[in-house]
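Quick notes on the structure that follows.
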Amino acid sequence: MNNDDPKLLVARGYDKIGGTYGRMATRSRTLQRNRYETVVLDRLPEGSKVLDLGCGSGVPTTRRLARRFDVTGVDISEKQVERARLNVPNATFVHSDMAALDFAAESFDGVTAYYSIIHLPRDEQGPLLSAIVGWLRPGGLLVCSLGTHSNEVDFDRSWMGAPMFWSGFDSDTNRKMVEESGFRIIRAREETTSSARDAETFLWIIAERSAERGAAS
Ligand SMILES: C[S@@+](CC[C@H](N)C(=O)[O-])C[C@H]1O[C@@H](n2cnc3c(N)ncnc32)[C@H](O)[C@@H]1O
């Protein structure tokens, strides 16, 4: 990777390939995606306030969540936010780095982040999780996918046609990071995509804001 800011690189990358990625997302990894969308749909009551971090172009996940919930999507790519506004007119979208957000305490019932925190430099992932704890009401739900291997800088000069950056920890470190941020893990499971052509493994986390934090604050 050259000296580019990884976040700028990611934002520009999705500006360019986000439409293609969105079409691919409706066809691949569908088992995991459906499973973890359903977790959110089953666990939160209709009308819940849900924050979708790294929402992309809004398809298919934000759109499905927005049929039942009051969804705010956030993305660092300006073009992705434009696509999402067109694809999901009944949700609210914010163009921002997820690590730079500032929401009122306890303003969400649930937070989702599918295939997005993995693009954040790993030293920012723990602080982001701590911030999410603050934005969630007590008992609020987090469903997200994280990496499974320790890699501070993972760079591809042409991923789907654009330079791309990822970063992350191994699964055990990720579990610990989630708990130390103030969550109670309900389930943390490594899931491998069924397609042999692009088999990839992610650590899928289902967690809730732990009661201790509420008691302490
Ligand atoms: C692999 S796509 C996933 C999109 C969607 N969540 C899904 O499940 O299909 C990752 C998205 O996260 C966004 N993203 C990456 N880093 C981000 C950051 N620091 N803040 C906000 N969004 C970010 C990218 O722009 C991209 O749209």
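Overview of values
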read-out: Set ALA100, ALA91: member being among the small types (Gly, Ala, Ser) and farther than 19 Å from LEU65 by Cβ; value: ALA100
read-out: LEU44, sole failed condition from (1) more than 10 Å from the ligand (Cβ to nearest atom); (2) within 15 Å of the chain's Cα centre (by Cα); value: (2)
read-out: Residue satisfying all of: in the range 47-61; in a loop (DSSP other than H, G, I, E, B) and among the hydroxyl-bearing types (Ser, Thr, Tyr); farthest from the ligand (Cβ to nearest atom) among these; value: SER48
read-out: Count of residues meeting criterion [surrounded by 23 or more Cβ atoms within 10 Å (Cβ to Cβ) and closer than 19 Å to VAL50 by Cα] in the range 113-132; value: 5
read-out: Elements of type strands (runs of 3 or more DSSP E) in the range 62-133, at least 2 residues being hydrophobic (A, V, I, L, M, F, W, C), within 14 Å of the ligand (Cβ to nearest atom) and closer than 17 Å to VAL178 by Cβ; value: 108-113
read-out: Among residues of the range 134-145, those that are away from the ligand (no atom under 13 Å from the Cβ) and in a strand (DSSP E or B), counted; value: 7
read-out: The range 1-39, residues that are more than 28 Å from ILE206 (Cβ to Cβ) and not in a helix (DSSP H, G or I); value: MET1, ASN2, ASN3, ASP4, ASP5
read-out: Top-ranked residue of the range 159-200 - restricted to ones that are β-branched (Val, Ile, Thr) and modelled with pLDDT under 95, ranked as surrounded by the most Cβ atoms within 10 Å (Cβ to Cβ); value: THR193
read-out: Members of the range 1-32 that are at pLDDT 95 or above and among the basic types (Lys, Arg); value: LYS7, ARG12, LYS16
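The values are calculated or read from the model by the stated rules, or taken from the named source; none is laboratory data. Here the structure is a predicted model, which means the values were calculated and not measured. Please note: Cβ atoms are built from the backbone with ideal geometry, for glycine as well, and neighbour counts cover all protein chains shown.
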